[in-house]
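J.: Before I ask anything, let me first share the structure, which is written out below as structure tokens.
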Amino acid sequence: MFSLFLGSLLAAIPPPSLAALLSCCKLFLAAISLISLAAAGQALFGSYCTYWAHVTDYQSTNNNDKKDGAPLTLDQAVEMIGSKQPQTCKFYLVGSFVWGSIADIKGRIPVLVLCQIINTLFTIGASTSQSLWFLTVMRFFWGFGLGGSVCVTSTYVVEFLPIKNRGRYMEALPAGFSVGLLLVAGSAWLIIPHEEWSWSTHGFTFNSWRLFLLVTAVPPITSVPLLLTLPESPRYLVQVDKIRKAKTILQYVYKKNKKIPLSQASFALQRVTATNSTRRELKKFSNITKNILSIITTPKMRTRFVVSSIILSSVAFSNFGLILWFPTMIDRMVESNAMSMCEASLPPSNKTQCDTSDQNSVYTDTFIRVTANIPGHVVYLLLVDRLKRKVLLGVSMILNAVSVFFIWFVSSPTGSIVMSCVFTALSRLSGDVVHLVSAELFPTKIRSTAMGLQKAVFEQISSVLAIVLMGALLSVHCAIPILLTAGLLALGGILTYKLPNTTNTAIN
């Protein structure tokens, strides 16, 4: 019922407001950037809230001599949250697939609005949690909504942008994500350490870490009214035979650009309409299965899906593998006075207590990581619409694979930091390009479904494997994860030659 209400609300927006908003590129980019910022801000949901929540609750428990009904101890909290982390990832996985498929049936904007509302509601719910099980449930459903936001946003943006500047404007998404990481780290740094910001009454406690979660709910709820003022993707509207709405939007685009005669624009739309007269069938949920089968059974789509998914998995493995472990590896190098990262030894595991002595390191690491992304964003903006996408992607992945080996030979902490920043920047460049290419490879009727499948099955599984395997392999020897990461990146770089060129070409 709620989705029907949203659909009616969107249909009631008058065309003049669409014209004004479509002409206002700043508002469009602001809405999209807010979605990315919200995704980034909540991507750190688990790490910050579980760490700080139960550090403070653990201290509170000790101060109250562990009275009955007191919060769980830190060890119990960390153990339980760690055991639930794969389940949270599963909800993100399911959300990417479900919302991506629904977006090809019911439209991009309604799905984005619903996902942002889900993110907001369950983040607010988590901020009021008084028990670990309730916090875990909130995280589950938050992941379900976040999976759809990340997936469908790329689909919507790539379908709306002009051919000439499509790649450059798509950078609003990863740039917004980086800004979000920076803001969420800064907000956590400013809010969470203030343990005196606490209010309790009748068994209900609201303290600094809960306030931080409430703050992270601001970007998604702010993006909702902006999304409601943006028009639906005209490509999607043509696919579902809503020609009048699509024509209204395209006419305003024409008035803004004035690049081609109106007769040519009308002919192009009529031509698409003539070959898609039966697209009303796409509105049925039963076509989700048909969309998935068309990806798997059509040779052209299957090749594109498999190749781009392998490349996406390679990039995700490096992003969630070595990059997340770099701070730990550098710290071990400093502590053990080793001459290289591979000579540094990891400390013995501590299964009884969590080390909270350096509580600010999580923020410092985030700031360094985001700063290292900036060169990758800059290179992307300079080259993405000038070089062939697959050339830029292949070269960046090969260079990234080569840079991994230099980490092996650096002999000082400073050199290790520099090389890790180089690796991070190249990984950012590869990640930006592969997400753009993935959105451009598939036709409109299955684009969101294909991207949902990719993020659900390949990207998320690769991310989880990277986090788990890197920790285990680093304890054996540094060479193993370095060789594994370099090999996967090189494989992905070589496979890029199988991709078609999408630079300055119209997407289907």
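The values are calculated or read from the model by the stated rules, or taken from the named source; none is laboratory data. Nothing here was measured: the structure is a model prediction, and the numbers come from that model. As a convention, Cβ positions derive from the backbone with ideal geometry for all residues, glycine included, and neighbour counts pool all protein chains shown.
J.: Does the range 437-460 contain at least one residue that is in contact with an Asp or Glu (Cβ under 6 Å, 6 or more places away or on another chain) and assigned to a helix (DSSP H, G or I)? Give the steps one after another, and end with the answer.
T.: To start, the set of residues in the range 437-460 that are in contact with an Asp or Glu (Cβ under 6 Å, 6 or more places away or on another chain) comprises 448-449.
Restricting the remaining residues to those that are assigned to a helix (DSSP H, G or I) gives 448-449.
Scanning the range 437-460 turns up at least one residue that is in contact with an Asp or Glu (Cβ under 6 Å, 6 or more places away or on another chain) and assigned to a helix (DSSP H, G or I).
J.: Now for a separate question. Can you name every residue in the range 201-223 that is surrounded by 21 or more Cβ atoms within 10 Å (Cβ to Cβ) and assigned to a helix (DSSP H, G or I)?
T.: Trp209, Arg210, Phe212, Leu213, Thr216, Pro219, Pro220, Ser223 - these are the residues of the range 201-223 that are surrounded by 21 or more Cβ atoms within 10 Å (Cβ to Cβ) and assigned to a helix (DSSP H, G or I).
J.: Taking the options Glu232, Glu196, name whichever one is over 25 Å from Thr505 (Cα atoms), among the acidic types (Asp, Glu) and either modelled with pLDDT of 80 or more or surrounded by fewer than 22 Cβ atoms within 10 Å (Cβ to Cβ) (or both).
T.: Glu196
J.: Taking Lys283 as the residue in question, decide whether it is more than 24 Å from Val437 (Cα to Cα), modelled with pLDDT under 55 and not assigned by TED's automatic domain parsing to the domain that holds Val98. Walk me through how you get there before you give the answer.
T.: Working: more than 24 Å from Val437 (Cα to Cα): yes; modelled with pLDDT under 55: yes; not assigned by TED's automatic domain parsing to the domain that holds Val98: yes.
Here the answer is yes, as Lys283 does meet what is asked.
J.: If you go through the range 483-508, how many residues are outside any helix (DSSP H, G or I) and surrounded by 17 or more Cβ atoms within 10 Å (Cβ to Cβ)?
T.: First, the residues of the range 483-508 that are outside any helix (DSSP H, G or I): 499-508.
Checking the rest, the ones that are also surrounded by 17 or more Cβ atoms within 10 Å (Cβ to Cβ) come to 499, 502-503, 507.
Count: 4.
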